[in-house]
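For reference, the structure is listed below as structure tokens.
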Amino acid sequence: MGPGTGKGQGDEQGENYGLAFSMTRGVFRIFAAQTVSAYESTNIHPVLTPLLIGWLLVLAVQLLYILFIFSRTAFRSADPTPNASAQRRGITIVVCARNELANLTELLPMLDAQQYSTFEVLVMDDRSTDGSRAFLENDIADLTHVRFIRIDTEPEHITPKKYALTIALKKATYPTVLLTDADCRPASDQWLARMVTPLTDPAKAIVLGFSPYTRYPGLLNFLIRSETLFTAVQYLSLALAGRPYMGVGRNLAYRTKTFFDNRGFYAHMNVLGGDDDLFVNEVATGRNTAVCLDPDTFMWSEPKRTWADWRIQKRRHLNVGKFYRTGHKIRLGLLVGSHVVTWLLALVTGVAVLVKMRIDPSFAPDEWLLLWGAMGLFAARLLLFWAIVGRVSYRLGHTVHWLLMPVMDLMLGIYYGLAGLKTGLRRRQKTYDWR
């Protein structure tokens, strides 16, 4: 983990859970209005018809995302192969670490062995007390490309990791940085070369990579991998659609000029977290951002192993999404909200149909048309999600097995719904964790 912060892959969801909760309430307000007007007509059912209409609307939103956004990642062509001339551009790999001795011992030789002609590995040791300093001073002499900077004080005006990163970018030997964390492991010795290949295009200043979590047995690990995959589907696909909004600091490259031209972390320097996604959210555009999907560029990371640790991490993530730009929050809120409401209305509509059949088994022609239309669209949405997100999972290191896509789909709907409900209730009650 970086000094003073955790991972950023789930950060973008925080405010969007609240938007999803608000969207759910908004849909039911529409249902209520339609129900009142329905009593004035003899042609429609006062409850079932508004439910079916609402279900059709959110299913249409989901299909738009799946067919026109997610498919961009699923069917994107292969990344270009690095060429020898590109390797003449120097790269600085930055690793911020605090009390990560065991991880540094494993990671640094892997970074030093990257197959690239001109690079350095700059380790920012932030006030470590576990022997990291002695290791860096005495035991890295055999590592050709590795150097370190020690930080002994905690700044008051900026969070520790953002301070460490800012110092690293000022002290970097080369004008392009590639970021990762101490508990990550590159998929291959081609990680560096392939991650920075898109920067051979002078118009590109940012490269978004993917960082999957290691697979372990158990529900928690499955939930973490599922959310990681779906988060990647969102930020990679929207970037390919020309609407980049976040990246993950475990696998992210950008030019130092872009960082300093945009005043670095100034806009959110006191926000705990966001050294990756908030920075990308602020400076990334469709023209200056590239995506790397090559399996050799994946940066594998260790997931949380207990529910308590995971909840602490997610609580921190919830604090970051509210700083996203409004357009990004709306797009993500629609996506997450429609996902939740799709499954919620499937349940509610099913119950409404069963109740109606017990009371009056006859259906008007318009009701049959809406019912079969909604069920058909729901089935199409299930199959397309299974096929397209399953294809993305296949491309992204088989993060979730394709047979488990329907389980992941339903589980994420429940998870986002509960997270949105919790966020909405906390906001209404004005209760915040002082930590």
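The values are calculated or read from the model by the stated rules, or taken from the named source; none is laboratory data. Computed from a predicted model, the values in this text were never measured in an experiment. Note that we place each Cβ from the backbone using ideal geometry, even for glycine, and neighbour counts take in every protein chain shown. Please note that ligands, DNA and RNA were not included when accessible areas were found on the heavy atoms of the full protein model with its side chains. Shrake-Rupley method; radii C 1.70, N 1.55, O 1.52, S 1.80 Å.
When each of the peptides 267-276, 60-69 is scored by the mean number of other C-beta atoms lying within 10 Å of its residues, the order from highest to lowest reads 267-276, 60-69. Between helix 365-395 and the chain there is an angle of about 20 degrees, using the helix long axis and the longest principal axis of the Cα atoms. Think of each Lys and Arg Cβ as +1 and each Asp and Glu Cβ as -1; about the Cα centre, that makes the dipole of the chain roughly 960 debye.
Under 20 Å from a label point set 7 Å out along the Cα-to-Cβ vector of Glu302, the amide N atoms of the range 220-264 belong to 220-226, 228, 249-251.
Taken per residue, the accessible surface of the chain reaches 43 Å², heavy atoms only and a 1.4 Å probe. When the Cα positions of Thr306, Ile330, Leu101 are compared along the charge dipole of the chain, Ile330 comes out farthest toward the positive end, with charges on each C-beta of Lys, Arg, Asp and Glu.
Extension gain, Ala102-Asp152: 0.36 nm per intervening residue step, less the Cα-Cα distance, totals 16.0 nm. Is the C-alpha gyration tensor of the range 149-265 telling us rounded, prolate or oblate? Criteria: a/c under 1.5 is rounded; beyond that, a/b larger than b/c is prolate, otherwise oblate. Oblate, because a/c is 1.5 or more while a/b does not exceed b/c.
Its relative contact order, with pairs defined as Cα atoms under 8 Å and 6+ residues apart, puts the chain at 28 percent. Expressed as a whole percent, the accessible area of the chain that falls on carbon and sulfur atoms is 61 (1.4 Å probe). Computed from Cα positions, the angle between helix 405-429 and the longest principal axis of the chain comes to roughly 90 degrees. Full extension of the segment from Arg287 to Val355, taken as 0.36 nm per residue of separation minus the current Cα-Cα distance, would add 19.2 nm. In order along the range 335-346, the phi-based Karplus estimate (6.51 cos²θ - 1.76 cosθ + 1.60, θ = phi - 60°) of 3J(HN,Hα) comes to 5, 5, x, 5, 4, 4, 5, 4, 6, 5, 6, 4 Hz; Gly and Pro are listed as x. When you count the other C-beta atoms within 10 angstrom of each residue and take the mean per peptide, 73-81, 193-201 line up highest first as 193-201, 73-81. Against the set (1) 46; (2) 62; (3) 49, the structure's computed percent of Cα pairs over 30 Å apart falls on (1). Too long at a 18 Å Cα-Cα cut-off: which of Lys204/Lys322; Lys171/Lys257; Lys162/Lys329; Lys322/Lys422? Result: Lys204/Lys322; Lys162/Lys329 exceed 18 Å. Calculated translational diffusion coefficient of the range 257-333 (10 °C, 1.306 mPa s; Stokes-Einstein with Kirkwood radius over alpha-carbon pairs) equals 107 µm²/s.
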